[in-house]
Every structure is written in C-alpha cells, then in structure tokens.
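> So that we are looking at the same thing, I have put the structure below in structure tokens.
The values are calculated or read from the model by the stated rules, or taken from the named source; none is laboratory data. Here the structure is a predicted model, which means the values were calculated and not measured. Glycine also receives a Cβ, built like all others from the backbone with ideal geometry; neighbour counts cover every protein chain displayed. Quick note on the areas: whole protein, heavy atoms, side chains included, nothing else; ligands and nucleic acids left out. Shrake-Rupley method; radii C 1.70, N 1.55, O 1.52, S 1.80 Å.
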There are 2 protein chains.
Amino acid sequence: MEKKGALQGVKVLDLTRVLAGPYCSAILADLGADVIKIEQPGTGDDARFFNPFVNGESSYYMNLNRNKRGITLDLKKGKDIFLKMVKSADVVVENFRPGVMTKLGVDYESLKKVNPQIIYAAISGFGQHGPYSQWPGYDLIAQAMSGIMSVTGEADGEPTRAGGPICDVIGGMTASIGILAAVQYRNRTGVGQMLDISLLDSAVASMAIINQHYLVDGRIPQRRGNSYESGAPMESYKASDGDIVLAVGNDKMWKKLVELMEMPELLEIPEFETVHKRVQNRKSCKEFIEQWSKKRTVADLVKNLLDVGIPAAPIYNIAQVCNDPHIAGARNMFVEFDHPQAGKVKVTNSAIRMSETDAGVTRPAPVLGQDNEDVYQNVFGFLPKEIEDFRKEGII
Amino acid sequence: MEKKGALQGVKVLDLTRVLAGPYCSAILADLGADVIKIEQPGTGDDARFFNPFVNGESSYYMNLNRNKRGITLDLKKGKDIFLKMVKSADVVVENFRPGVMTKLGVDYESLKKVNPQIIYAAISGFGQHGPYSQWPGYDLIAQAMSGIMSVTGEADGEPTRAGGPICDVIGGMTASIGILAAVQYRNRTGVGQMLDISLLDSAVASMAIINQHYLVDGRIPQRRGNSYESGAPMESYKASDGDIVLAVGNDKMWKKLVELMEMPELLEIPEFETVHKRVQNRKSCKEFIEQWSKKRTVADLVKNLLDVGIPAAPIYNIAQVCNDPHIAGARNMFVEFDHPQAGKVKVTNSAIRMSETDAGVTRPAPVLGQDNEDVYQNVFGFLPKEIEDFRKEGII
C-alpha cells in the first residue's frame, strides 16, 4: 500500500453484528482506522452463516468485514478484559438491543469510568429511548415505518421496499458520520461522548424532501412508479433489449426529444403542451415515447439522448453494474482480496476517493479469532500465558 | 442553545446546489460547522424554485439549507474574492459538472496554491474521471445504473425506483464522511486533499451485499417484491385498515405465528415445513396469513406479533411518520424554525444524537444574500466600501 488511510491511528472496538453496525465500522476501516472486530467464541457474527459462500466462508460477512482485524471474546465471562481494552481505545461501536450492554456491565457509563475520552456509538432499530426502543429493528421494519415503502412502487400497486438494504446502509453511514464528528470534537476538547443512532431516525432523515410535502402542505406523498411530479417525460421506458430512464426537465428539452424521435405531431397535442400537462398525461406520453424507444437498443437510445442534451441512462441489472467499463473499470468499484480460507474473493469497494490518503480494501475479512494472539498481546499487552488461559476457559 | 456542535470552528465554503451537495453540507452544518452557502446573485440555488412553498419561500430549499449562512457571489466576476475566502476556509464543497471549476479557475489545484491545507470535495454524478464523467447525474440516473431499480419492484413488474431520492442522499452522506476523514487526517498531518465523490459510486457501494451474489456466484439478483430469499413469511401483508410487515426468521417463529393465527393445520402442510419450502411457496403462505391479518387492525396485529416475539411493524404513510409518538415525539425528528420570510416552518431533523454536542436545527435557511455584510466584513475582512462596490458591480 502506497498511501495510508486518513483515519490511521484511530482504534475502534467493534461489537457489531450482521449489517448496519459492520457497515459503519467497514467505512471506518476502509478509511484506515484500526478496527478490531470482537466476536463470540465458537460462533461469531451471525453473518458468518449468510450466503453466498466461497469455500465455506460467507462472502456476505467477508464483504462487510474487510479491512478489520478479528478477535473473539465472551463479553459475559470477559468483561474485565474488555474494560482493559477500552482504556486504550478511541471508539466502541455496538448494535445490540438497547439495554443489553447495561446488563453486561459495559454500557457507556461503565466504559466512561475507565476511559473518559471514549467515543461510544450505539446503533439500534429505534434508538436508546422512546416507546418503541425495545422493538426489534430490521431493514424491512425501518423501510416500513419511515414511509419509504409508502412512496415506492406503482400508483395502483402495493407499498414496496427498496431492493437493497438501504435503511441498514443509511443507518451505518449516519453512525460513521456521528463518530467522525465526535472524534473531531474530542481532538479539540479532549471530551468523549455517546452517540445514539437509530435505523428508523436515519431513514426518516433520508426522506426529508418527501416529508416536506406533508409538513408544510398537509399533503401525503403517494406512490407514482418511476415518474415525478416535477417533470415529464421523466421515468423508465422500454428499449428493444432492456430499459432506460430519461429526464426531460423543461419545454426546450421536450422539443429536442420530439425532434430526435421524429414525431413533430406531438408538439400539436395540447395535452403535452406544458410540463404540468405532460405530468398529468404522462401515461399517454409514455406510450408515444415507447413506440420509438422499443425499436431501438438501450445503447443507441442513451447515446442519442445524451447527444442532444437529454439526461438518460440504461437501467442496469447487477451483472451489468459489475461489468461496466466506467463502474468496474475507471472507478474501480470492485476489488479482489486473497482470503486464507476462501481464496480470491471480489467485494464492492469504498466509494470514497481521496487524493492523499487511501480508502480501499487492503486486507481480507478475518476468520474467527484470527488475530487473537497478535491483538491481545501486541495491542493490549496481555501475556501469552494469560491468553492461553482465556482460551482454556472459553473466554476467547 | 445549551450545547455547541461537534464541528464548531470548521469553516465550510459551500458552492453546492439542489440536493446531494446541500444534503452533505447540511449534515456538516447540523453538527456545528460554520457553513457559508455561496449562491449566484439574483437567482441563487435552483432549489429556491422547487415546491412546496411557504409564503413564497421553497421549503425544499429551506429544509436542505437550514443551519447555513448565505452569501451571494458571481464566481466568474468574483474569482479573486473567492480565492481570498479560501485562504481562511477549511473545506470547499461543490457539485458542478466535472471541469466547470477548472474553467472558472477555482479548481483544487488553484485553491491549493492559496491554501495548501484546504479540503476540497467534488460531488458529481459519475466522478471526476472515467468514460461517463461528463454525463449528467441525477438521482434517477444513479438509481438506474447502480442496479437499485433492477431489484426493486414486483417479480413480474417493471424495474422500480426507490420513492425517496436515496442516491442523492447516499452521495451526500458519502461526501460528508470523506470530508470528516480528511479533517481528521489534516489534524494529524497538516495536509489537505481533494475528494472525488460520485452519486453512482456511492449507490453501487450501498448495494454491496446484493452485488456479492453476482461477484461470487455469477447469479443476477432479481426483483422479488417485498419478500426475501433468506426467510418466509417475511414481507408485507394487508390488515383491515392498512398494511404491515412481519419477519419470521426461523421454524420456531413460524410455529409461534401459526399458534397466534390459530391455524394449527398449517403445520401439517408439507410446503410450509422448512424455511426453504416457505420461501418457495411464499405466495400461498401469504394467502393464509392474509385470511387472518385482513380481519384485524394494523395496531392489533403489530402488538400481537411483537408480544409473541415476531418482528413486525406498520407500513406508514408520510402523515403517519410525521405524527408518530415515537418518531415525532420521543425522537424529535421534526423541528420548527422561524424564517424571516416564511414564518414558522417544520423540517426534518438530523438523525444524529450526541450526548455532549448538539446536532439539531438551530437556524433557519438564509434568504438570498442574507449574510453578505456580516460574512464578507466580519469573517473575511472586506471593507464596507468594497462590499458596496461588489454589489454595484453585480459581483455579489
């Protein structure tokens, strides 16, 4: 590795499992933080059992835990070991149900006593307080309760979830932003703090411009397929070999589109005269456009539309994303590491590109307890005899 | 305000417009950074013309630009003024098409000459380099090309966009993470840098666990409505007065659900015997569940399901989100400010809750050029006479 990461020297104790938490700590690890993932001896993170697998290793897990070191620790039996580690750590991240860390005696108040500068981030479905704080939190549940599902899908169809785990992702990103802000505050003041991040809060925040319609006008935004109320034609259209999107933002672009389609008669149709009318009559407008688009390939349509200045793009499936010369090529969004068990595995790269520091994948995800000796001895100063005893007692 | 923000003292020059860029700088402003939004004299950010409006002021704009100060500057005529401001700034954020800042003579290389410590974040649709770098970037386009649309929607339906502007939001969040990492690096080394953040890269990164299926198995993930391949029943179901989601993760929970529904005969149906079989026969499984759920209210269903330990939630519309006692009440996700033109306006709050620092909305969005005198004179040291001349010449 030529360049070092921006967060070099930031030591993170990572108790998180499955998705939102590991996504947060992966962001920090990609940026160079020393993330030490702590897993239950014997079993580890539940995500180790999630498909797809490569030579028996979960690539779901390997993707989310790249760049981290891995140790095992039973938090019930090994509380004092954990507290010793907290003394020299900068950040602790966890995504247990609220109250679990208190029961274990390792909540923020306890950690603060051994390290007043510690930054403690709790990620949960609903937050640390409030009437639903004990409800189980899943991506699907945050999508349902944030209103995301209510505005996704066809106007005459059912509420629809976004296909990716966006609430887990947005929750994890929100936590990483909070942690980095807390690091900056501590740099300046020497004071640590606790962060309370909820998947649902994060999802609601992401819907801000949609919420605005209700907050100021009392209007409840509805599902409208791929169309927008701010402009038309502006949605998806069928090509001969796939689908495209295009976005006609104003009347000038509309004229350009009509010209490109060689359908001058559309300019005579009063229903398509203004943006407002085209929004109201978008379905019949779409039919005309598809008469043209269905006879042409995705590649030709996108090229011709972009050439006349109309924003357009192919609707890719995941294979097309992973093989695109811009995404996979120029932008290097997929990278390979060599894992001790799985062998060569491709994962999705960080999206952050920095001129002076590295933000990529430099280290495969750990096998369970892989770094026990190294981390307990060299990072936290436990003696080989102690580590041997921890192992015999099933603590690590 | 009792507490100060974590990013107090970080000075951000914000050239961004519309959504992804302003979302990024709003995150920084919510956390206490001094964000100075720079707009074109006379017109300002395009978002000032986006609905919904309150007393003529765009609440779309007001939501995205809360907590920021606002000044005007014509970057073509006022290049030297901008360079003088960069000397004492920490961060510059822009979301122009790649190349625009170079043409204006205010690209990273130029800014670095006047302030080697500057952190410069460029947010664009496709990134600063690569074959598509000049394509226009919109949320819809990033949703199409990242594969998000390909996996959102019904199995037999069309590719569907997520209803919120998730690619703009995730792009803005990615930029804010990069900026905060760069601030930390500069604290330690004194070295500034440039960040190249793309909406498409950010969206592709958010799809990591979905991409994994193709990257390691060559399988192309498909749309599957609200269902999952990892478990069933686990999707949306109709109630008498709305919709719910529930998530049965294993056979034990399935037995609990059957018990709750008082349909012991379901345990005798071989098609529902294992998770794998229920996933394959999820449609007939859903029919049985809806026989039960359609006769009950959302509130009763969610309560009864949670009581027996089955994750469940209502599917909210935006009005329900904005009035929920947990979201709007305990978690305080909607806040009001008093705007000089619009009066009292409600916007969506930050999702970050910190114990020692404030991360809320403390200041309404600026009217165009509102802080010209204060900022040019008191922050950057221009004389009243100079500011008067700038105004006469149409520079500010």
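> Ignoring ligands, DNA and RNA, please state the percent of accessible area on the protein assembly as shown from carbon and sulfur, probe 1.4 Å.
On the way: 14180 of 29090 Å².
The nonpolar share, carbon plus sulfur, comes to 49 percent.
> A further question on this structure: Quick one: in chain A, what % of C-alpha pairs are over 35 Å apart?
I get 40 percent for the Cα pairs in chain A exceeding 35 Å.
> Hey, another quick one. For residue B:256, list the aspartates and glutamates whose Cα falls under 19 Å from its own Cα; do not include residues on the same chain fewer than 8 positions away.
B:235, B:265, B:268, B:271, B:273, B:287, B:290, B:300, B:307
> List the GluC sites (Glu not before Pro) within the stretch A:164-263 that DSSP assigns to loop and that have no more than 16 neighbouring Cβ atoms inside 10 Å. If you can, show how the numbers build up before the last one.
Numbers: sites: A:229, A:235, A:259, A:262; in loops: A:229, A:262.
Of the GluC sites (Glu not before Pro), the ones in loops of the stretch A:164-263 whose Cβ has at most 16 other Cβ atoms within 10 Å are A:229, A:262.
> Along the charge dipole of the stretch B:234-316, pointing to its positive end and built from +1/-1 on Cβ of Lys, Arg, Asp and Glu, which listed residue (B:270, B:288, B:306) has its Cα farthest out?
Going by the Cα projections, it comes out as B:306.
> Can you figure out the FRET efficiency of residue A:290 with residue B:51, using R₀ = 41 Å and their beta-carbon distance, to the nearest 0.05?
0.90
> Mind checking which helices in chain B clear 24 Å along their axis (Cα) and have mean Kyte-Doolittle hydropathy of -0.5 or more, DSSP H runs only?
B:166-189
> Which order do B:346, A:238, A:392, A:87 take by accessible area at a 1.4 Å probe, largest first?
Details: B:346 85, A:238 60, A:392 155, A:87 130 Å².
These residues rank, largest area first, as A:392, A:87, B:346, A:238.
> Calculate the dipole size of the stretch B:234-316 relative to its Cα centre from +1 charges on Lys and Arg beta carbons and -1 charges on Asp and Glu beta carbons; express the result in debye to the nearest 20.
For this selection, approximately 180 debye.
> How big is the stretch A:234-316 in terms of Cα radius of gyration and Dmax, in angstroms?
Calculated on Cα positions, Rg and Dmax stand at 11.7, 34 Å.
> Here's a follow-up. Magnitude of the Cβ-charge dipole of the protein assembly as shown, K/R +1 and D/E -1, about the Cα centre, nearest 20 debye?
1160
> Let me ask something else. For the stretch A:1-153, evaluate the Debye formula with one uniform point scatterer on each Cα (no solvent term) and list log10 I(q)/I(0) at q = 0.17, 0.18 Å⁻¹, rounded to two decimals.
Each listed q corresponds, in turn, to -1.08, -1.17.
> In chain B, if the dipole is taken from +1 on Lys/Arg beta carbons and -1 on Asp/Glu beta carbons about the Cα centre, which of B:258, B:384, B:13 is farthest to the positive end?
Going by the Cα projections, it comes out as B:384.
> Related question: By the scheme Lys and Arg +1, Asp and Glu -1, what is the net charge of all other residues having a beta-carbon under 9 Å from that of residue B:48?
Result for the neighbourhood of residue B:48: -4.
> Run lengths n ≥ 4 of DSSP H only: what is the helix-derived mean residue ellipticity at 222 nm for chain A, with -39500 (n - 2.57) per run over all residues, to the nearest 500?
For chain A, the value works out to -10000 deg cm²/dmol.
> Also, I was wondering about something else. Which distances, in nm and shortest first, link the residue B:325 label point to the same label point in every other copy, taking 7 Å along Cα→Cβ?
In ascending order, 6.0 nm.
> Here's a follow-up. When ligands, DNA and RNA are left out and all protein chains stay put, how many square angstrom of accessible area per residue does the protein assembly as shown have with a 1.4 Å probe?
37
> For the stretch A:17-96, count all C-alpha to C-alpha pairs, find those more than 20 Å apart, and express that count as a whole percent of the total.
The share of Cα pairs beyond 20 Å in the stretch A:17-96 comes to 32 percent.
> What does the charge add up to near residue B:349, with Lys and Arg as +1, Asp and Glu as -1, over the other residues with Cβ less than 14 Å from its Cβ?
-1
> To the nearest 0.05, what FRET efficiency results for residue B:304 and residue B:344 with a Förster distance of 45 Å applied to their C-beta separation?
Between residue B:304 and residue B:344 the formula returns 0.70.
> Follow-up. State, to one decimal in nm and shortest first, how far the label point of residue A:222 sits from each corresponding label point in the other identical copies (label point: 7 angstrom along Cα-to-Cβ).
Relative to the other copies, residue A:222 has label-point distances of 3.1 nm.
> Which pairs break 27 Å Cα to Cα here: A:255/A:286; B:84/B:392; B:76/B:113; A:283/A:303?
Pairs exceeding 27 Å: none.
> Which FRET efficiency, nearest 0.05, do residue A:269 and residue A:43 yield, Cβ-Cβ r, R0 56 Å? Intermediate values should be presented prior to the final figure.
Numbers: r = 65 Å, r/R0 = 1.16.
Calculated transfer efficiency: 0.30.
> Let me ask something additional. Roughly speaking, what is the stretch gain from residue B:255 to residue B:222, that is 0.36 nm per residue apart minus the C-alpha to C-alpha distance, in nm to one decimal?
9.0 nm
> Whole number please: convex hull volume per residue of the Cα set in the stretch B:179-218, in Å³?
Enclosed volume per residue, from the Cα hull, is 97 Å³.
> Right, another one. How many percent of all Cα-Cα pairs in the protein assembly as shown sit more than 38 Å apart?
Across the protein assembly as shown, Cα pairs with separations above 38 Å total 38 percent.
> If I histogram all Cα-Cα distances within the stretch B:78-175 using bins 10 Å wide from 0, what percent of pairs lands in each bin?
Answer for the stretch B:78-175: a P(r) of 14, 37, 26, 15, 7, 2 percent.
> Sticking with this structure for a sec: Which lysines, if any, have their Cα less than 20 Å from the Cα of residue A:344, not counting same-chain residues under 8 positions apart?
List returned: A:68.
> Okay, moving on. Only four residue types carry charge here, +1 at the Cβ of Lys and Arg and -1 at the Cβ of Asp and Glu. Report the dipole size of chain A about the Cα centre in Debye, rounded to the nearest 20. Present the calculation step by step, with values, prior to reporting the outcome.
Numbers: 45 positive and 49 negative charges, 137 e Å.
For chain A, the charge dipole is close to 660 debye.
> Note down the net charge around residue B:127, summing +1 for each Lys or Arg and -1 for each Asp or Glu among other residues with Cβ under 10 Å from its Cβ.
On the way: positive: A:331, A:353; negative: B:196, B:201.
Within the 10 Å Cβ shell, the charges total 0.
> From zero up to wherever the largest Cα-Cα distance of the stretch B:154-213 sits, split into 10 Å bins and tell me the percent of pairs in each.
Going from the shortest bin to the longest, the percentages are 20, 36, 27, 12, 4, 1.
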